[in-house]
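Q: I am attaching a structure below and will ask some questions about it afterwards.
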Amino acid sequence: MEVIVSVSDDFNKMPPGFDFGLAVAEADRCLLCYDAPCSKGCPANTKPAEFIRKFRLKNITGAIRTIKTNNVLGGACGVLCPTERLCEQECAAKLRSLSHSADRDRPIQIGKIQRFLIEHSWKMGFKVLERGESKSEKIAIVGSGPAGLSCAAELAKAGYSVTVFESKAEAGGMIRYGVVPFRFNLDFLKRELEDIKSLGVEFKFNTQIGDKSGVEDLLTQGFSAVFLGTGLWSGTKLKPEESYPKGVYGSVDYLSGLRDGRLDQFSQAFAGKTVAVIGGGATAMDCIKSAVKLGAKEVYLVYRRSFLQMPAEMPERIESLNSGVHFLFLNQPLDFIADSNSNIKGLKLVQTKLGDPDDSGRRRPIPIEGSEWILETDIVIEAIGNKAKTGSPEWYPNVKVNGKNLIITNPDSCETSVKGIFAGGDIVRGPALVVQAVQDGKIAAQSIINYLSN
């Protein structure tokens, strides 16, 4: 009998942020440090010490202005940033003396205050960003992820005409198509995008600048400079040279499907099934938690190292465990097992032990001979990393890339090997943080302004 499943409304609901009272109470814990270490811990220079000080002094609009002036995606970063190992890691409040035991080792929740202030600005109708005096030059941005959006906004604030070319139907890049809705929903993203669009930035969706030399050709089509923020949209595969059984998904396609209208389709496919997710990073955490919400009967996380070596943030790991996911550590996937109709029915694994540290600094997983076994599963999701599309260097043949097809830039200016072309975000760094992409966009925008001025 066919099981009819409706996706719960909470699949698209973010957890609520601070209300005014909680935000004030948390800000009041701030020690108002001189030369505050928290601000040094923000890759995008959002200046948490400054906006928290202003908030404490009841200068609410000033606090909001500090955030949005320095980070056009301040709301998204407040939600998505791993603040525990960035600004909050540096917070002096957690270093208070032992006589203050209630507050010891608990930093100010900077990310939650930041999110509150951005949401409060929307309730107030307070607009910060303004377009500068118009200039004649036109700039092309390829890709509307965090790096492209940040660069576009900074250039528009300086008065330049900016056109963003996006191959997908909507803006946002990985924060739209690579994050589960219950962690960062589209209503929140829409409000952030409205601020950028209000600057006069033009978006051209469903537009692929991917023909041979297509990016470089923009410089001959009326654009004075180009910024590349195309991101990484190909998933790393367990068996890259082979055809896959039905029921095996890449994390990029799976997470995109939860946003692009295929949510009900995935809900029907996952209901009552056993799901195995390969990987140990933030993307894997999104995959396993969403599989639980879609009604999977059993969800397994398969990771070849140990719990402490997972790249996912500790709160995400704990949350996933509490959701009922089974963690299979020290198990390395080897192959897919399919039935006669090419449907996935199992994942072949080998147990591992940890050896000496590898280039990542983590102990290398070593397969244990004779320990192979089969995990029976109906669905497998590969969440083992993203990479540049194989043919992407053909879009900009004179731009230098490395062996992983990542664009080589001057990190201080985001300049590529081609005059007038700049790049940032994951297509330069590899998989990285939203806040790092925002900073790349800011650096590139200032470099483009300097380039055009000279």
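Coordinate-derived values only; no laboratory data. The shown structure was predicted, so the numbers you read here are calculated from the model rather than taken from an experiment. Neighbour counts run over all protein chains shown; Cβ positions are idealised from the backbone, glycine included.
Q: Averaging sequence separations of C-alpha pairs under 8 Å and six or more residues apart, then dividing by the length of the chain, give the relative contact order as a whole percent.
A: After rounding, I find 17 percent.
Q: Something else about it: Go through 109-121, 402-414 and give me the packing order, highest mean Cβ count within 10 Å leading.
A: In descending order of packing, they fall as 109-121, 402-414.
Q: Sort 330-336, 300-306, 156-162 by packing, meaning the average of other beta carbons within 10 Å per residue, with the highest value first.
A: Listed from highest to lowest mean packing, they are 300-306, 156-162, 330-336.
Q: Could you give the dipole magnitude of the chain about its Cα centre, charging the beta-carbon of Lys and Arg +1 and that of Asp and Glu -1, in debye to the nearest 20?
A: The calculation lands at about 960 debye.
Q: Between the range 430-454 and the range 172-193, what is the C-alpha centre distance in whole Å?
A: So the two Cα centres are separated by 21 Å.
Q: What's the extension gain from I368 to D217 if we count 0.36 nm per residue and subtract their Cα-Cα distance?
A: 49.1 nm
Q: Now a separate question. May I ask you to list, by number, the DSSP H helices of the chain whose Cα span along the axis is at least 20 Å and whose average Kyte-Doolittle hydropathy reaches 0.5 or more?
A: Sorted by number, the helices that extend far enough and score high enough are 434-453.
Q: Same structure, new question: In the neighborhood of T207, defined by Cβ-to-Cβ distances under 13 Å, what is the net charge if each Lys or Arg adds +1 and each Asp or Glu adds -1?
A: Neighbourhood net charge equals -2.
Q: Scan around Y249 for amide H atoms under 5 Å from its own, H built in the peptide plane at 1.01 Å from N, and keep only partners 5 or more places away or cross-chain.
A: Those qualifying (amide H under 5 Å, at least 5 residues apart or on another chain) are V380, I381, E382.
Q: For T377, T274, T207, T390, what's the fewest-to-most ordering of other Cβ within 10 Å of each Cβ?
A: With the sparsest Cβ surroundings first, the list reads T390, T207, T274, T377.
Q: By how many nm would the segment from L57 to Q309 lengthen if fully extended, with 0.36 nm per residue of separation less the alpha-carbon distance?
A: 86.6 nm
Q: So how do 178-191, 27-40 stack up, highest first, on mean other-Cβ count within 10 Å?
A: Order by mean packing, descending: 178-191, 27-40.
Q: Mind putting a number on the dipole of the range 393-454 about its Cα centre? Charges go on the C-beta only, +1 for Lys and Arg and -1 for Asp and Glu, and I need it in Debye to the nearest 20.
A: 40
Q: Which distance in Å, rounded to a whole number, links the C-alpha centroids of the range 24-86 and the range 124-148?
A: 22
Q: So, one more: Cα to Cα, under 30 Å, and not fewer than 8 places away if on the same chain: which lysines meet these conditions relative to K419?
A: By straight Cα distance, K419 reaches K135, K138, K157, K168, K197, K204, K212, K387, K389, K400, K404, K442.
Q: Still on this model: Write down the percent of antiparallel bridges among all DSSP beta bridges whose residues are both part of the chain, to the nearest 5.
A: DSSP beta bridges in the chain are roughly 40 percent antiparallel.
Q: Pull up the cross-link candidates among the lysines for K345, meaning alpha carbon to alpha carbon under 27 Å and not fewer than 8 places away within one chain.
A: Once the sequence-local lysines are set aside, what remains near K345 is K237, K239, K246, K273, K289, K293, K297, K353.
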